[in-house]
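The structure appears below as structure tokens.
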Amino acid sequence: MELKELESAIEGILFAAGDPVPVERICLALEQDRETVDSVCQSLADQYSYDRRGIRLVHMETSWQMCSAPEQADYVRKVLESRKPARLSQPALEVLSIIAYFQPVTRAYIEQIRGVDSSYTVGLLLERNLICEAGRLNVPGRPMQFRTTKTFLRSFGLTKLDDLPELSTATKEGAQLTMELERYTQRLQAAEVQKDIGETGEAL
């Protein structure tokens, strides 16, 4: 398959899918190796960015997704006003920050850090597909654990979880944990203002 044909096929797949598409699935469909597919996707992503196109190719861990350019967000919102998502509340951002850094975590662990019941907020984050269930912890009662999703990565402009600002070991274990997470919550809040995330509805 020639390069232009390969680029065209990948564009068609990602446009039709809408959601993130695993690289392995693209490889199987096009009968290409992963290195080739990743290289073509990255080349397309660079072209879109360089030409200041209205669309972007976003890389998230082992998947690629086609989405609108961040700088066109205001125009997109005006056209799709009825679908404009609500911004995340401070409690939702706090819970999301804890899960992002310490995943997989149980609700009890989240509440231990926050000091308040978080069941409602966890439920709403699940509805927004920013977090998902990650199996049960092998302890009495077998509580459910939670982790972030690819929607979380895409919503906050992250390629992988390693892109999160690092927390020092001392901070994780010490009394400064809450303050550190609050600083990251503020970063999430700033990013969230610029991006459309989740479903239409009221603020969490």
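The values are calculated or read from the model by the stated rules, or taken from the named source; none is laboratory data. As the structure is a computational prediction, the values presented were derived from the model and not from experiment. Every residue, glycine among them, receives a Cβ derived from its backbone with ideal geometry; neighbour counts consider all protein chains shown.
Residue 57 passes every criterion in (1) buried (at least 17 other Cβ atoms within 10 Å of the Cβ); (2) part of a loop (DSSP other than H, G, I, E, B) apart from (2).
Taking the listed residues 7, 31, 24, the one that is under 25 Å from residue 152 (Cβ atoms), of a type in the set (Asp, Glu) and modelled with pLDDT of 90 or more is 24, with no other qualifying.
Before we move on, is residue 75 at pLDDT 90 or above, more than 19 Å from residue 151 (Cβ to Cβ) and part of a helix (DSSP H, G or I)?
no
For residue 95, the conditions (1) under 23 Å from residue 131 (Cα atoms); (2) modelled with pLDDT under 85; (3) assigned to a helix (DSSP H, G or I) are fulfilled apart from (2).
For segment 1-8, indicate whether the set of residues that are surrounded by fewer than 16 Cβ atoms within 10 Å (Cβ to Cβ) and closer than 25 Å to residue 164 by Cβ is non-empty. Checked segment 1-8: no residue is surrounded by fewer than 16 Cβ atoms within 10 Å (Cβ to Cβ) and closer than 25 Å to residue 164 by Cβ.
Evaluate segment 117-126: report whether one residue or more is crowded, with 17+ Cβ neighbours inside 10 Å and free of Cβ contacts under 8 Å to residues at least 24 places away in the same chain. No, every residue in segment 117-126 fails to be crowded, with 17+ Cβ neighbours inside 10 Å and free of Cβ contacts under 8 Å to residues at least 24 places away in the same chain.
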